[in-house]
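Notes to accompany the following structure.
No value in this document is a laboratory result; all are computed from the given coordinates. As the structure is a computational prediction, the values presented were derived from the model and not from experiment. Cβ sites come from the backbone with ideal geometry, for glycine too, and all protein chains shown count toward neighbours.
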Amino acid sequence: MRRWNGWGDEATVVDLPAHGEAFLAELIGSGQKLADATLAEVLAKVPASRLPAHPLVITDAEDRVRHARGQSLPDWLAMRSGDFGVFPDGVAYPETAAQIRELMSWAAEHNVLLIPYGGGTSVAGHINPQAGDKPVLCLSLERMSR
């Protein structure tokens, strides 16, 4: 299964060799390891959703955590440390163009911000929700097959 807070499979662990640590310490100085937050610790930080109910919208904490960040270095550091900041209020997994249109109309009607979420590999920060008064819906396109 894909790691919840980084690249790769959870069953695969590759430690940095001692000579790699020495090289990095020589190059940039000694570092301080971030705390490695557990998924359970992060789930406990997810606030209640501000979204009105909709049959295509999921407000489950784990779905919201898994769609809160991309894959840039700041995102990885936030995920590893558990310091996400802001979470989307919900995630929708539309399977058709009609469902996307329905969700867009619903979002406009309820003053909900939409963040399109493709593969989740954003390195530009554009999928990270910003703090604000409006609820945020992450529109995951992973189930769109045509």
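Tabulated data
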| read-out | value |
| --- | --- |
| Computed [θ] at 222 nm, helices only, for the chain once each DSSP H run of length n ≥ 4 contributes -39500 (n - 2.57) | -8500 deg cm²/dmol |
| Fewest-first ranking of THR59, THR121, using other Cβ atoms within 10 Å as the exposure measure | THR121, THR59 |
| Top of GLY29, GLY118, GLY82 by mean-square fluctuation, Gaussian network on the chain, Cα under 10 Å | GLY29 |
| Gain on full stretching of the segment that runs from THR96 to ALA22 - 0.36 nm per residue minus C-alpha separation | 21.5 nm |
| For SER140, distant residues with modelled amide H under 5 Å away | ALA92, TYR117 |
| Derived scalar couplings ³J(HN,Hα) [segment 65-75; Karplus, 6.51 cos²θ - 1.76 cosθ + 1.60; whole Hz; x for Gly, Pro] | 5, 5, 10, 8, 9, x, 10, 7, 4, x, 5 |
| Per-residue ³J(HN,Hα) for segment 27-39, Karplus 6.51 cos²θ - 1.76 cosθ + 1.60, θ = phi - 60°, Hz, x for Gly and Pro | 6, 10, x, 6, x, 10, 5, 6, 4, 9, 5, 8, 4 |
| Per-peptide average of other Cβ atoms within 10 Å, ordering 33-41, 126-134 highest first | 126-134, 33-41 |
| Volume in Å³ per residue [convex hull over Cα atoms, computed for the chain] | 135 |
